[in-house]
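Following: one structure in structure tokens, then a few remarks.
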Amino acid sequence: MKMNIEILAELLNRKINVQNQIIKGEDLSFQYLKKEDNHHIIMTNEGKEIPVYADEHKHKGSCLILPLDTDVEKEIYACVNEYTEWKEQCLKAVVLSDTVNDVLEQCASILSNPIALFDDSLVMTAYAGKIPESIEGTIWEEVLKQGLSRPEIYSKEEADLIARQLESGKKSFVWRSKLFHNQEHICAQVYRNDIPFGLLGSSDLYGGFSKGEILLVEDVSSFISLFFSSNHSDPEEKTSFYNIERMLNGLSVNETALIKSIEPLGWNIFDNYLVYSLRRGRSNEYASSSWQKRMKKMFENALVMIHEDHLVLLVNTTKDHDFHEERMQKEFSFACGSSMPFRDLRKLHYSYIQSRIALSYAEENHTIHFPSVFQSYVMESLSKVTEIRALCHPRVIELYEGDENDRTLAKNLRVYLGCGRNIADTARKLYIHRNTLLYRLEKLDAFFEMKLSEISEEEAFLIQMSCMIAESITTESSVS
């Protein structure tokens, strides 16, 4: 059994106090132990000899120094046997276990600190080892509360360091986090068929990471990688919306990670998408997992998640031709807000805001589409920062507050500007004769004391926006 000398020193140190003076930078493994006159010698597979002393004296060179009168042979072979049996049990778990939880539980049994497994989107899928009663101020508090490790909580300097280490291809790396009171952390890559698949993470809840403890964590990583590479399907917990939820919150995501996370769905970043925000009742019972599961069962090709205080449904309309809003309402009777269609999944945040705005106008068993409430929302938003009447062109207000003929001219004006001042399109949209429209436009030119066909784009936008505002104001007044 090949056993790294640093691991041997770590296991020995847990039983007895060991002074480790092993050669730095060399990866040596235990072969057998032999006895000299006053000490033992570890023979390594690499042909090195490492003296082992059981006394209190200082010794030069590479060696292990154990407490006085230690039974060196007994203690060393006990550690070798412990490590050998542990590896055998880990291999057995890899072969016989159905879930990664069972494998991690066995693998973590040799570690000093608890350890967590994260998928490639940093959502925790399993953890093992004893968690202390108090984890306040540690990364475990964040992970157990959120169910994930959020890169955005770290400083840019720390996040860059972690990213560089992950990209370096190292088996593991250790760093001290300023965010968590200089706590020592370790990460080890997990692979599936030699492709990065996730991370193992641990922190020094019960002590720091010696070279031997780091190597043990790397051993655990190898067993977890073997489990995932041995034709095991992904654990159910692997399905994660982490990248999608980051985008819903307006946070950036790694494009490669995003592509990888939607690959199992057969999606492409530049497919056509729709976002729906859904609410049912004031008691928020819609947010329970049962609603989510029912939605998933009905719309198998969509993503259904609970976000903020409502359900979010993300539909790929390029791939899912069978999705129908009517079916959703018939089954669930949600209040529903829909975004406008969009083509770049990376811009999900803005479409999600559209769906949330539309939802704020929706009643149960009704779907509101964002374009239908756009004007109302803009007017309400403007009214919160200023008196919107002050933003209007005075002549536009006069038209909307005038008689029926004036209001007809106002409607014609708005459609004319909305059609890009195209006579044929405007007449067609108003269902009036071209000559009738020209006559009314002449009256509008006289009223505004300028030719509307020759005004600048800025002036056209001002008048068009004034029409929207004036229509909103006069509608509210008539309702009142």
Of all residues in the range 351-376 being in contact with a strand residue (DSSP E or B) (Cβ under 8 Å, 6 or more places away or on another chain) and among the aromatic types (Phe, Trp, Tyr), which is surrounded by the fewest Cβ atoms within 10 Å (Cβ to Cβ)?
361
Quick count over the range 183-197, residues being in contact with a helix residue (DSSP H, G or I) (Cβ under 6 Å, 6 or more places away or on another chain) and either of a type in the set (Lys, Arg) or outside any strand (DSSP E or B) (or both), is 2
Apart from one, (1) surrounded by 12 or more Cβ atoms within 10 Å (Cβ to Cβ); (2) not assigned by TED's automatic domain parsing to the domain that holds residue 9 all hold for residue 66; the odd one out is (2)
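Select from the range 86-103 the residues that are surrounded by 12 or more Cβ atoms within 10 Å (Cβ to Cβ) and assigned to a helix (DSSP H, G or I) and list them in ascending order. Explain how you work it out, then say what you get.
At the first step, the residues of the range 86-103 found to be surrounded by 12 or more Cβ atoms within 10 Å (Cβ to Cβ) are 86-87, 89-94, 97, 99-103.
Matches in the range 86-103: 86, 87, 89, 90, 91, 92, 93, 94, 100, 101, 102, 103.
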What number of residues within the range 1-40 satisfy the criterion of being among the acidic types (Asp, Glu) and outside any loop (DSSP other than H, G, I, E, B)?
2
Options 309, 322: the member that is closer than 24 Å to residue 377 by Cα and either modelled with pLDDT under 85 or buried (at least 20 other Cβ atoms within 10 Å of the Cβ) (or both):
309
Taking the conditions exactly as written (under 17 Å from the mean Cα position of the chain (by Cα), farther than 26 Å from residue 89 by Cα and either assigned by TED's automatic domain parsing to the domain that holds residue 252 or at pLDDT below 85 (or both)), does residue 149 satisfy them or not?
yes
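Take residue 432 and tell me if it is of a type in the set (Val, Ile, Thr) and either in contact with a strand residue (DSSP E or B) (Cβ under 8 Å, 6 or more places away or on another chain) or part of a helix (DSSP H, G or I) (or both).
Working: of a type in the set (Val, Ile, Thr): yes; either in contact with a strand residue (DSSP E or B) (Cβ under 8 Å, 6 or more places away or on another chain) or part of a helix (DSSP H, G or I) (or both): no.
Against the criterion (of a type in the set (Val, Ile, Thr) and either in contact with a strand residue (DSSP E or B) (Cβ under 8 Å, 6 or more places away or on another chain) or part of a helix (DSSP H, G or I) (or both)), residue 432 does not qualify.
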Count, please, the residues in the range 254-282 that happen to be farther than 11 Å from residue 345 by Cα, in contact (Cβ under 8 Å) with a residue 60 or more places away in the chain and in a loop (DSSP other than H, G, I, E, B).
2
Having 2 or more residues that are closer than 25 Å to residue 262 by Cβ is the bar; report the helices (runs of 4 or more DSSP H) wholly within the range 322-394 that clear it.
325-332, 348-359
Exactly one of these conditions fails for residue 101: (1) more than 18 Å from residue 218 (Cβ to Cβ); (2) touching a residue at least 24 places away in the same chain (Cβ under 8 Å); (3) not assigned by TED's automatic domain parsing to the domain that holds residue 220. Give me its number.
(3)
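The values are calculated or read from the model by the stated rules, or taken from the named source; none is laboratory data. This one's a predicted model, so the numbers in the text were calculated from it and none came from an experiment. Don't worry about glycine lacking a Cβ; one is built from the backbone with ideal geometry, like all the others, and counts go over all protein chains shown.
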